[in-house]
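The block underneath contains the structure these notes are about, expressed in structure tokens.
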Amino acid sequence: MNKALKIGLIAIAVLVIGIVVWRTLIMPPAIKEIKFDKSVFTTQITTQTEESIDKAASFDKANQAFTSMTQDIDDAEFLENIGHDEAAECKKLIAQHFAPRLAVFGDSAFAATEWNVTQIDAMRDAAKAIIAANALGAKSGDFEKLQALVKNVDDYHAALALVSSSKSCSSESEMHSLTSKAKAYNRAPLSNCKSLMSALNSVPGNAKANLARIEKEKQEAAAREAQRKKEAAERAKQKEIEEINHDIEVSTDDTDF
């Protein structure tokens, strides 16, 4: 083997070794493609639901899990890892587990003598989300319980609004209407909330007080108007007397002349 050939072979060997070293030390390893497994995903959702919702000790924890898993499903659908129908089925699964737990948490919240407004509002939002997911049969017990939960929270806020409106009552008929509506809210479970019942009991008094205020303002306005007319009449009479006296003075001056 001549010298030139040896040099060429050595050069090639060095080049090959250099490429191998470069690929090993510099180039990053190939990223293995991760394939989305739909069955694994739904199994994970089922497991998370049983662990995070069925066994949740409080509404806040169960609701947090419900919100988080629902978001995971939305993300998977957005990335087209699962189809719309599959996403809907996963959401239904979570909702079906959450519904009876939410009804229990709602009953506990409504049984309290003072209601946590932030919490019951969150319960109402969760109940609406489950109802919107069409996960429950329209005649199922859980569906009816969630509807009742939503109504209880809505009625709670409507009752407070009624109390506020009673402070601006402007007629006898309105007072009777407000009083009647206030009595209608005295029902379970709203009747458990002492502060709400106290506020509703104040409705007739609020209405009467505002009617008395309006009547007093009317009387005061009438008195001011009567005083204004009286003063105007006195000024007119005084002016008339002054004009008569002036005419007499002028007439006397003319006679003397």
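The values are calculated or read from the model by the stated rules, or taken from the named source; none is laboratory data. Remember, it's a predicted structure, so these values are computed and weren't measured experimentally. Ideal geometry is used to build each Cβ from the backbone, glycine not excepted, and the neighbour counts take in all protein chains shown.
The table below gives the values:
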quantity	calculated
ALA221 closer than 30 Å to TRP115 by Cβ and either at pLDDT below 95 or in a helix (DSSP H, G or I) (or both)	no
Any hit, the range 226-240, residues being at pLDDT below 85, exposed (fewer than 13 other Cβ atoms within 10 Å of the Cβ) and within 52 Å of the chain's Cα centre (by Cα)	yes
Of all residues in the range 172-209 being assigned to a loop (DSSP other than H, G, I, E, B) and in contact with a Ser or Thr (Cβ under 8 Å, 6 or more places away or on another chain), the one that is surrounded by the fewest Cβ atoms within 10 Å (Cβ to Cβ)	SER202
One residue from ALA188, ALA122, ALA138 being among the aliphatic types (A, V, I, L, M), more than 19 Å from the chain's Cα centre (by Cα) and modelled with pLDDT of 95 or more	ALA188
Matching residues in the range 68-85 - criterion: being in contact (Cβ under 8 Å) with a residue 24 or more places away in the chain, assigned to a helix (DSSP H, G or I) and not small (Gly, Ala, Ser)	MET69, THR70, ASP72, ILE73
Residue count for the range 120-149, restricted to those that are in contact (Cβ under 8 Å) with a residue 60 or more places away in the chain and touching a Gly at 6+ places or on another chain (Cβ under 6 Å)	1
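For (1) over 19 Å from THR42 (Cα atoms); (2) out of contact with any Cys (no Cβ under 9 Å at 6 or more places or on another chain); (3) among the small types (Gly, Ala, Ser), each residue gets a yes or a no:
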| site | (1), (2), (3) |
| --- | --- |
| ILE73 | no, no, no |
| GLU80 | no, yes, no |
| ALA88 | no, yes, yes |
| PHE105 | yes, yes, no |
| ILE120 | yes, yes, no |
| ALA126 | yes, yes, yes |
| ILE130 | no, yes, no |
| GLU144 | yes, yes, no |
